Amino acid sequence: MGMSKKICSICNENKKKKKLLDGFVCETCLRKCGPFRTQVNTKKASIDIIRKAMMASQINTKRVAVFKPTKTIKNHISFDEVNRLWRPQVYLAFRYEDIISFETDVSKETVISGNAGKAVAGGLLFGGVGAVAGASGKRKAKEVITGCQIKIITRNELYPVVNIYCMPQEASEITAQLTVIVDSLKKPQHTDVNIVNTASGADEILKYKKLLDDGIITNEEFEEKKKQLLNL
């Protein structure tokens, strides 16, 4: 008898596609990870991580469906101040509560001008403000900000860092809005029952999935509990 083909450890149906740390995953299940697929390195991922990504994708889809922007800053980021959600990209939606902190870096160029025309020195710099090169004769040097990078640290374990690249004026608007959000998080907030915490929701579903796999609950009971947790 030949060896049986290994099947997906997630759905237990389809033929394997990628090797995980503790099993295999098929292409169908990988697609169900949605926007979180790019964040999952299958060579280092476990079965639980794939399941979390699949659950996070379902929750993200629900957030995107209810998202109604009340403030948009160019094409960089949008905010839904009613549902307390923000979207840095078309396919992702985070809660205000997902923000841990943020920081801004600027890129600068030193422009030298004078009788011989203008030239750029120093290249691209990220980080703190550097010393401006001194003037020599009739030539002058000044630093010019050419762009900004805003790094948002989140509580989402699958998407812990969101980077936004923009111009200085847009960066000022974005950081002002983020500051308002972070300050509001320091005050007690009413939690909208329709918005599910990605991490805790996925973890709860995984617990019930284990009970299903162990034969403690039926598939109908598992599906009913999953619907409750996802507010479907």
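The values are calculated or read from the model by the stated rules, or taken from the named source; none is laboratory data. Here the structure is a predicted model, which means the values were calculated and not measured. We place every Cβ from the backbone using ideal geometry, glycine too, and count neighbours over all the protein chains shown. Protein only, heavy atoms only, side chains kept; ligands, DNA and RNA dropped before computing areas. Shrake-Rupley method; radii C 1.70, N 1.55, O 1.52, S 1.80 Å.
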**Prompt:** Looking at the range 90-114, which of the residues that are touching a residue at least 24 places away in the same chain (Cβ under 8 Å) and not in a strand (DSSP E or B) is most open to solvent (accessible area, probe 1.4 Å)?
**Reply:** Tyr91
**Complete:** Filtering the range 24-47 for residues that are over 21 Å from Ile59 (Cβ atoms) and modelled with pLDDT of 90 or more leaves a count of 3
**Item:** Check on Ile59, open to solvent by less than 80 Å² (accessible area, probe 1.4 Å), of a type outside the set (Lys, Arg), out of contact with any Phe, Trp or Tyr (no Cβ under 7 Å at 6 or more places or on another chain) and over 20 Å from Pro88 (Cα atoms)
**Value:** no
**Fill in**
Of those in the range 137-171 that are hydrophobic (A, V, I, L, M, F, W, C) and not in a strand (DSSP E or B), the residue nearest to Lys108 (Cα to Cα) is Met167
**Asked** Of the residues Ala131, Ala53, Ala135, which is touching a Cys at 6+ places or on another chain (Cβ under 9 Å) and at pLDDT below 95?
**Response** Ala53
**Request:** Please find, among Phe24, Phe79, the residue that is over 18 Å from Glu157 (Cβ atoms), touching a Lys or Arg at 6+ places or on another chain (Cβ under 6 Å) and open to solvent by less than 20 Å² (accessible area, probe 1.4 Å).
**Result:** Phe79
